[in-house]
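Written below as C-alpha cells is the structure these notes are about.
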Amino acid sequence: MRTLFVATLLNPKGLLFAGTIFPAIAFVEAQAYAFSMLLFAGLLVPIALA
C-alpha cells in the first residue's frame, strides 16, 4: 500500500492535470471543482471505451 501511495505521488501526470488541465478556480470553489470533475469524467469515459 505504501509503495502504491509513493508511486501515485511521483506520477507526473497528476501534476499535469492539476496544473494545466483543471482551472485554478476549481481548487477554490466547490461548484467549479464539481463542474471540472464532471466534465473530465464525461470526456474520460468515452475515450476509455474507444
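Summed over region 17-27, residues that are at pLDDT 85 or above and exposed (fewer than 10 other Cβ atoms within 10 Å of the Cβ) total 1. In a residue-by-residue description of region 1-16, the property of being over 10 Å from the mean Cα position of the chain (by Cα), surrounded by 10 or more Cβ atoms within 10 Å (Cβ to Cβ) and small (Gly, Ala, Ser) applies to no position. Selection of region 1-26 for residues being under 14 Å from PHE40 (Cβ atoms) and among the aromatic types (Phe, Trp, Tyr) yields PHE17, PHE22.
The values are calculated or read from the model by the stated rules, or taken from the named source; none is laboratory data. All of these numbers come straight from a predicted model, not from anything done at the bench. So basically every Cβ, Gly included, is an ideal-geometry build from the backbone, and we count neighbours across all protein chains shown.
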